[in-house]
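Working notes, beginning with the structure itself.
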Amino acid sequence: MTTSQRRIAVEEAVAYGLLAAVGGYAFVMAFEYDLLNEGNRVGPGLVPAILGGLIALISGTMLVLTLLGHRARRDHGLAEVAQSVVGDAPVPGGPGDVDADDGSGLDIFGRTAAQRMRQLQMVTVALVVALLLVPLLGLLGSLGLFGLFASIVVERRPWLSSLAITATSIAVVYFVFAVFLEVPLPTGLIGIGG
């Protein structure tokens, strides 16, 4: 195993470990709310418990596999699915791709493994910052900033579509949790949402 492969494996392990910790925290904190209300209606803690548990389980599994040295091959996945749909078009970075520099494992979006890892790191740090901003901005404000950052900075999407997607996401979260499930959302010092 080369030094660059070992570095990437360590970065993957750290990212999976952080995601497992966040998922585990969400799972544990969900039990402070009722999982089911009277009449077996969905309670405010059920969805966070399920999602947090799934995030912790999947990330924990990936962490263990990464620590054991099992790594996903870079020559299969979405690129091959896209190639089967497109037909004879070469997979970026794959066999038949005349633009592939050294077969370094470009995905269907033309990103190298290092670029994908850098994006994962940026999103992980942004998620931690967003969580730390919840007491100040509230859940919806923090979620909005996180969505804009992920869309504009990480994915490099246009401002207008990023704002539309973020506003829609915030509206969905508000209506599902605050209106439908009647879960009081953290409003923070500014008082956004709730």
The stretch 51-83 - residue that is surrounded by 17 or more Cβ atoms within 10 Å (Cβ to Cβ) and at pLDDT below 60 and, of those, farthest from the chain's Cα centre (by Cα): 83
Residue 173 being open to solvent by 40 Å² or more (accessible area, probe 1.4 Å) and assigned to a helix (DSSP H, G or I): no
Residue in the stretch 142-155 that is touching a Leu at 6+ places or on another chain (Cβ under 7 Å) and touching a residue at least 40 places away in the same chain (Cβ under 8 Å) present: yes
Any chance residue 103 is modelled with pLDDT under 75, outside any helix (DSSP H, G or I) and surrounded by 13 or more Cβ atoms within 10 Å (Cβ to Cβ): no
Tally, over the stretch 40-73, of residues that are in contact (Cβ under 8 Å) with a residue 12 or more places away in the chain and not aliphatic (A, V, I, L, M): 11
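The values are calculated or read from the model by the stated rules, or taken from the named source; none is laboratory data. Predicted model only: the values in this text are computed from it and were never measured. Heads up, the Cβs are rebuilt from the backbone with ideal geometry, glycines too, and the neighbour counts pull from every protein chain shown. To get the accessible areas, we keep the full protein, side chains included, count just its heavy atoms, and leave off ligands, DNA and RNA. Shrake-Rupley method; radii C 1.70, N 1.55, O 1.52, S 1.80 Å.
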